[in-house]
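For reference, the structure is listed below as structure tokens.
The values are calculated or read from the model by the stated rules, or taken from the named source; none is laboratory data. Note that the structure is predicted; figures quoted are calculated from it, not measured. A quick note on method: Cβ atoms are made from the backbone with ideal geometry, for glycine too, and the neighbour counts reach across all protein chains shown. Surface accessibility is based on the protein's heavy atoms, side chains included, excluding ligands, DNA and RNA. Shrake-Rupley method; radii C 1.70, N 1.55, O 1.52, S 1.80 Å.
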Amino acid sequence: MDFLFSREEEQLRADVQAFIREQLTDDVKAELRHAHDGGQASDKARSFLRAIVDRGWSGVSWPKEYGGQGMSRAAQFIVEEEFWRADAIYMGGGGTGAPSILASGTKEQMHYYIPRCISREITFCQGYSEPHCGTDLAGVRCRATRDGDKYVINGQKIYTTGAHASTHIFLLVRTDPDSQRQGGLSVLLVPMDAKGITVRPLWTIQSDPPAPTLASYAHPRTNEVFFDNVEVEASCRLGEEGDGWGVAQRGLNLDRIAAFRYLISVMRDEDVVRLLREDNEFSRERRDDDSIRDKIAELWIEGQVCRLMTLRSLSISQRNLPFTYEGAAEKVFAPEHGVKSTEAISQILGPRAQLLSDSAHTLAEGVYAHNLLGAFQSTVNHGSVQVMRDQVARKGFGMPRQKISR
Ligand SMILES: Cc1cc2nc3c(=O)[nH]c(=O)nc-3n(C[C@H](O)[C@H](O)[C@H](O)COP(=O)(O)OP(=O)(O)OC[C@H]3O[C@@H](n4cnc5c(N)ncnc54)[C@H](O)[C@@H]3O)c2cc1C
């Protein structure tokens, strides 16, 4: 077992760190955040992102044939880690769409989409959840009716993060109206500028009142997306008609291996340590408290476990071994760790840290309280922790599906 990165991978880390030191100025950070919150990206933000693409860092582990660098998943992890650490810049490359296209797409789809995902010309949001089904995705009702070489889509999606800023939606629809549950579903890659699509903002608990700029947890905004007789070419279907369940599952598993998932929680532990090291009475008093020191050590150890779980998944995927429950296990451990950390911070710092941004008495513009709310919502998004536990039991331990009495 070798926990070290190769020399080439360490060199990559040093190059990325040097680039960030030089190019990620406060101006660029502010402009990237503005764009993330739905504003227009400025020239500075765009040229920063362009420079990342030009260096090949947005498609590090993707096949050279489609414009990637063909490096290891470990190299991809390093790039993700450094950019997320620097300012929560997500380098997963194309979100759920791209890994799924690599897993289930035709050669034409790979040649069309993957290079554009790498250059960020195409970005995907994920259109799975509907008002009546999130966990129970097999209940999808949004339908696509075949009409010659087109599909006509009608229905609604909800909690679609990034729908307001993405060029495409990775859409799970029912193509067989007589089907039930997992059968008769398909995945369509739908351009967001297609006629008949309406996007409405849905602000999350973290942003009511608005989260301060420094809040770095989860998403301030998701969306509702409505489809009213939206016509798309049948060639935008990913995988076979009726195999949408399989296509969606493969994508979900693959995109759970990402550095940001553990980092988003572990960086909260680091917030506490940074604060307690400050040279003032407030910090001195708290860092001399045994129970606080114990808590911080406990959180740090757990944080390292989160990182190792991600590296383990990465190693499994790098060696093309079966990847079944590991992504679900990470999706339980890392967000719950985030909740523990953000709760601990608010207890260590006292009641003022629990006040939101609209209170004149809050600490650091309410960042700790908003992060706490963000941590809770991260236990729900991308599959709730309860359901992920069930997947670990079934896929990891081979236990039968739980019978739920209603
Ligand atoms: C911030 C945020 C961003 C999101 N972004 C996206 C996105 O981009 N795209 C997208 O498609 N969706 C997105 N979602 C939706 C998310 O995937 C769902 O909210 C999640 O899967 C839960 O579904 P639900 O909200 O319908 O809750 P429900 O499925 O109704 O679940 C309610 C509660 O019941 C529990 N529960 C349900 N079934 C079981 C079971 N069988 N065993 C044990 N417990 C169970 C759940 O754990 C949960 O606690 C996002 C959600 C949030 C909060």
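With the structure loaded, tell me whether H337 is touching a residue at least 60 places away in the same chain (Cβ under 8 Å), crowded, with 18+ Cβ neighbours inside 10 Å and in a helix (DSSP H, G or I) or whether it fails that test. Here the answer is yes, as H337 does meet what is asked. Is it fair to say A163 is open to solvent by less than 60 Å² (accessible area, probe 1.4 Å), within 14 Å of the ligand (Cβ to nearest atom) and part of a loop (DSSP other than H, G, I, E, B)? Yes.
Among the conditions (1) of a type in the set (S, T, N, Q); (2) within 16 Å of the ligand (Cβ to nearest atom); (3) over 30 Å from R73 (Cβ atoms), Q347 misses just one, which is (2).
One residue stands out in the stretch 172-206 among those that are without any contact (Cβ under 8 Å) to a residue 40 or more places away in the chain and basic (K, R): the one that is least open to solvent (accessible area, probe 1.4 Å), namely R174. L373 meets the conditions (1) within 11 Å of the ligand (Cβ to nearest atom); (2) within 30 Å of S72 (Cα to Cα); (3) crowded, with 18+ Cβ neighbours inside 10 Å in every case but one. The failed one is (2).
Residues of the stretch 33-51 that are out of contact with any Lys or Arg (no Cβ under 9 Å at 6 or more places or on another chain) and in contact (Cβ under 8 Å) with a residue 24 or more places away in the chain: R33, H36, F48, A51.
Among the conditions (1) more than 21 Å from E336 (Cα to Cα); (2) part of a loop (DSSP other than H, G, I, E, B), the only one that R352 does not satisfy is (2). Out of the residues in the stretch 83-103 meeting the condition of being surrounded by fewer than 21 Cβ atoms within 10 Å (Cβ to Cβ) and in a helix (DSSP H, G or I), tell me which one is modelled with the lowest pLDDT. The residue in question is D87.
Taking the stated definitions as given, is G383 in a loop (DSSP other than H, G, I, E, B) and either in contact with a strand residue (DSSP E or B) (Cβ under 7 Å, 6 or more places away or on another chain) or open to solvent by less than 40 Å² (accessible area, probe 1.4 Å) (or both)? So G383 fits the description; yes. Checked against (1) under 15 Å from P212 (Cα atoms); (2) surrounded by 18 or more Cβ atoms within 10 Å (Cβ to Cβ), A360 passes all but condition (2). Taking the stretch 187-210 as the range and being assigned to a strand (DSSP E or B) and either among the β-branched types (V, I, T) or within 12 Å of the ligand (Cβ to nearest atom) (or both) as the test, the residues that pass are V187, V190, I197, T198, V199, L202, W203. Total residues in the stretch 115-151 satisfying the condition of being more than 16 Å from the ligand (Cβ to nearest atom), in a strand (DSSP E or B) and within 22 Å of the chain's Cα centre (by Cα): the figure is 0. Does A393 fit the bill of being free of Cβ contacts under 8 Å to residues at least 24 places away in the same chain and more than 21 Å from P212 (Cβ to Cβ)? Judged against the criteria, A393 is a match. The listed residues are S315, S291, S283, and the only one of them that is within 26 Å of F376 (Cβ to Cβ) and not acidic (D, E) turns out to be S291. All of (1) under 23 Å from the mean Cα position of the chain (by Cα); (2) of a type in the set (S, T, N, Q); (3) modelled with pLDDT of 95 or more hold for N154 with one exception: (1). Scanning for something closer than 30 Å to K395 by Cα and at pLDDT 90 or above, does the stretch 272-292 turn up at least one residue? Looking through the stretch 272-292, none of the residues is closer than 30 Å to K395 by Cα and at pLDDT 90 or above.
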